[in-house]
Each structure stands twice: as structure tokens, then as C-alpha cells.
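Take a look at the structure set out below.
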Amino acid sequence: MTGSRLESEFAAETDSAGLMLWRVTNRWQATQRAALAPCDLTHVQFVVLAALAHRPAEADAVSQRELAELATIDVMMASQVIRTLESKGLVTRRPHPADKRAQAISITAAGVDAANDAVVRVERADAEFFAALPGDRARFVDQLRALAQSGGK
């Protein structure tokens, strides 16, 4: 970069995929916060609720660790989110039937209602946000999926 103190391989900062991903992610998160505000949910709370609501009602009990994996968040974050959702009456915890050290996390009827209200808002916000993309949106999602699966490798 001519005249810059930063020694970068990019002629312009907007040529960096990482920087552009950072900027897009921040804008996308702002749209999600606005969409979820009427639901009194953060995005991570929504993701945890949606992960639980997506499971069949007759599915085996899910532990905090398993739920963290489903939501792709760390176990400590999952613990905090579960406590908050429990205080809102959206999930319950009980002793896990197969693991005495674990708690089984279940979504309540109010949690299902909240997840269904929130998913409409989130999907609407996504449709509006990603409408600016030219071309095949399914291809873009495939590319994001490839990045997510690669773990950055």
C-alpha cells in the first residue's frame, strides 16, 4: 500500500476477504439485533432456542455440551445462555437420564413459540440483508458452508 504504514499485500483494505467478512458480519449482526429486539432475545439465545426447537419433540435428552455443539458455541457460553433462557421460562433443565453429571435441556411451549416468532423475524432480516447480493444466493450459501466446514483450513 503506497503511502501507508501498514505493510499489506493488498492495494486497498477492501481487497482483503478477512476485513470484508468482518465488516459484513458486523452489519449483519446489527440487523439481527434489531430483528430480535422485539422478542427480547439476543442472537445467541435465538440460535440455542432454534437448535432445541429444531429437534423432534421425541428426541433424546440433550446435554449442555451437546447443545453447545449443535449451536456451535462454547460450553461456558451455552451455560450462560441456558440460565438466561431458563429464567425467561423458555427452557428447562433436569437431571440427564443417561449421565448423572449432566443436565438435560428441554425447550418449553413458550420457548417453541418464542423460537417460531423469532425465526420469522430472522429470516425476514436475512432476506432483506442478502438481497443486495448479485447472482445465485444458493452458491453463496454453498461457499459459506465450505468455509464453515473447513474450520479456516
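The values are calculated or read from the model by the stated rules, or taken from the named source; none is laboratory data. In this text the structure is predicted, and so the values were computed from the model without any measurement. Counting neighbours? That spans all protein chains shown, and the Cβs are built from the backbone with ideal geometry, glycine included.
Of note:
- Taking (1) out of contact with any strand residue (DSSP E or B) (no Cβ under 9 Å at 6 or more places or on another chain); (2) in a helix (DSSP H, G or I) in turn, Ala53 satisfies each apart from (1).
- Some residue of the range 61-71 being surrounded by 12 or more Cβ atoms within 10 Å (Cβ to Cβ), modelled with pLDDT of 95 or more and among the acidic types (Asp, Glu): no
- Subset of the range 100-129 that is more than 30 Å from Ala61 (Cα to Cα) and touching a helix residue (DSSP H, G or I) at 6+ places or on another chain (Cβ under 6 Å) - its residue that is modelled with the highest pLDDT: Ala125
- Of the residues making up the range 79-99, those that are of a type in the set (A, V, I, L, M) and at pLDDT 95 or above are Val81, Ile82, Leu85, Leu90, Val91.
- The set of residues in the range 114-144 being loosely packed, with under 13 Cβ neighbours inside 10 Å, of a type outside the set (A, V, I, L, M) and under 28 Å from Leu85 (Cα atoms) consists of Asn116, Glu123, Arg124, Glu128.
- Among residues of the range 1-41, those that are surrounded by 12 or more Cβ atoms within 10 Å (Cβ to Cβ), without any contact (Cβ under 8 Å) to a residue 24 or more places away in the chain and either touching an Asp or Glu at 6+ places or on another chain (Cβ under 6 Å) or in a loop (DSSP other than H, G, I, E, B) (or both), counted: 5
- The lone exception for Arg65 - which of (1) outside any helix (DSSP H, G or I); (2) more than 15 Å from the chain's Cα centre (by Cα) it fails: (1)
- Taken over the range 35-54, the criterion of being closer than 18 Å to Ser106 by Cβ and of a type in the set (Val, Ile, Thr) is satisfied by Val47, Val48.
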